[in-house]
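Input: a single structure, listed below in structure tokens.
Every number in this text was worked out from the coordinates using simple rules, so none of it is lab data. Being a predicted model, the structure only gives us computed values, none of them experimental. Please note: Cβ atoms are built from the backbone with ideal geometry, for glycine as well, and neighbour counts cover all protein chains shown.
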Amino acid sequence: MAEATIWSVGGYAPPHILTNAMLSERMDTSDEWIRTRTGIQERRTAGPDETTASVSARAGQAALESLGFDPGDLDWVLVCTDTPEMWSPATACFVQESLGAKRASAIDLTGGCAGFLQTLQILGPLAASGQNVLVIGTELLTHALDWNDRSTAVLFGDGAGAFLLGPSDRGVSGIRIGPGLSQSDGSQADILGKPYGGTRHNITPDLVAEGKHHTIHMEGQKVFKHAVTMMSDIGRRLIQGANLTLDQIDWVVPHQANQRIIDAVSHQVGIPNERVFSHVAHFANTGSASIGMALADMLDRALLAPGQQLLSVAFGAGFSWASQLFTVDQIPPSRFIHEGSL
Ligand code: UT7
């Protein structure tokens, strides 16, 4: 029976770089504080003409073009995001149009920072059954920041990562999608999210006067504690369930939340830092985009080799958390667009 395979990978980081030093001119923070607490040095921000759909399309196109895949052959275009183009229609519809994926069905999924792995777990059987699926994780999180809240404003960035998925029996090899786990705990929904602007708290002039906009609210310390515990637990359970040993995991590709969280997870799971990928210093936390961008960057740096086993773990709003195993059968074609300017 065919298995779901990543045939190609695309990544897009918008060109504008926002450094910690630039942030410290805007608010009461410092490069030293941000680096020590998060490991972040800089993040990318979308330009004035860029939107979630256009950024998604750049990553999606990079994935398609790197394989020479005809967008007209796509069955599905999925965008996983918490910062959509608009309430309706789905961001994926704009992306479908701009890519020329004429006969594809387009839909969005929202799952916080774990959403991309959750989405892959839904899409795996679809791709294994023979459907050609383009899945793009995208965030323009800098559009959702309260610049008066220094404890969250310094953490996030913009970008997109895309995987072209298909079955393993079409003569195209790549990175096989293995088993995965995911879980949510909606009782923690108030701790991390973007509470205003939905139907519960419609944006009204009164709300805006109180300083309540479409921005991220987060209780940082609670998120930190849960993120480390849940990602470590779901990562370990997946390894055990797949009858693998820690030595057989060549790379951990974690959600790029922040370096302290990544270090604590690798310590708790028992995998040394050298085998844990991080580029959070340069791109910060890009939510649903982070794992796709990380894989695009790893391929760009030629860090992967056939035969390797990868473990991804993610945690975010919901709370939702997930783990996913991948097997590199062959290095898939990829393109990571990340030229930047200050
Ligand atoms: O995908 C998951 C997304 N979320 C995360 O990854 C965030 C998880 N949480 C964290 O990483 C950490 O909780 C933070 C980095 C957000 C904060 O670090 P912390 O060590 O938990 O700091 P804190 O909130 O306890 O704040 C310590 C101090 C406070 O000052 P006082 O009250 O001690 O005087 C804050 O006001 O640091 C202050 N502070 C800052 N100072 C300079 C908070 N943010 C900043 C800042 N610059 N940006």
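Quick look at the numbers
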quantity: Of all DSSP beta bridges in the chain, antiparallel share, percent nearest 5; calculated: 65
quantity: Residue-span extension gain [residue 209 to residue 22] - 0.36 nm each, minus C-alpha spacing; calculated: 64.6 nm
quantity: Label-reachable residues, the range 81-113, where backbone N falls under 14 Å from a point 7 Å from residue 143's Cα toward its Cβ; calculated: 81-95
quantity: Leading residue at positive end of dipole, the chain (Cβ point charges), from 61, 217, 341; calculated: 217
quantity: Global form of the range 98-200, assessed from the alpha-carbon gyration tensor, a/c cut-off 1.5; calculated: prolate
quantity: Cα gyration tensor shape for the range 231-342, rounded if a/c is under 1.5, else prolate or oblate; calculated: oblate
quantity: Once the Cα gyration tensor of the chain is diagonalised, semi-axes √(5λ) in Å; calculated: 29, 24, 19
quantity: Amide H contacts under 5 Å for residue 336, placed H, 5+ residues apart; calculated: 11
quantity: Centre separation in Å (Cα based) which lies between the range 286-315 and the range 44-122; calculated: 18
quantity: Cα-centred dipole magnitude for the range 41-142, charges only on beta-carbon of K, R (+1) and D, E (-1), debye, nearest 20; calculated: 120
quantity: Spacing of the two label points (7 Å from each Cα toward its C-beta) at residue 30 and residue 309, in nm; calculated: 4.5
quantity: Of 239, 18, 30, farthest towards positive along the dipole that unit charges on Lys, Arg, Asp, Glu beta carbons give the chain; calculated: 239
quantity: Ellipsoid semi-axes in whole angstrom, largest first, where each is sqrt(5λ) of the Cα gyration tensor of the range 39-171; calculated: 28, 15, 13
quantity: Estimated Rh, the range 66-109: Kirkwood, alpha-carbon pairs, angstrom; calculated: 10.7
quantity: Qualifying lysines (Cα of each under 30 Å from Cα of residue 225; at least 8 residues distant if same chain); calculated: 194, 212
quantity: Cα-based equivalent ellipsoid, the range 140-226: semi-axes from gyration tensor eigenvalues, Å; calculated: 35, 17, 15
quantity: Net charge dipole size for the chain [Lys, Arg +1 and Asp, Glu -1 on Cβ; Debye, nearest 20]; calculated: 460
quantity: For the range 331-339, Karplus couplings with θ = phi - 60° (6.51, -1.76, 1.60), whole Hz, Gly/Pro x; calculated: 6, x, x, 7, 8, 10, 8, 8, 5
quantity: Per DSSP, loop trypsin sites (Lys or Arg not before Pro) in the range 142-203 with at most 16 further Cβ within 10 Å; calculated: 170, 200
quantity: Phi to ³J(HN,Hα) by Karplus 6.51 cos²θ - 1.76 cosθ + 1.60 over the range 175-184, Hz, x for Gly, Pro; calculated: 10, 6, 8, x, x, x, 10, 8, 7, 9
quantity: DSSP loop GluC sites (Glu not before Pro) with at most 11 other Cβ within 10 Å excluded, longest remaining stretch of the chain; calculated: 1-209
quantity: FRET efficiency estimate (nearest 0.05) - Cβ-Cβ, residue 122 to residue 273, R0 45 angstrom; calculated: 0.90
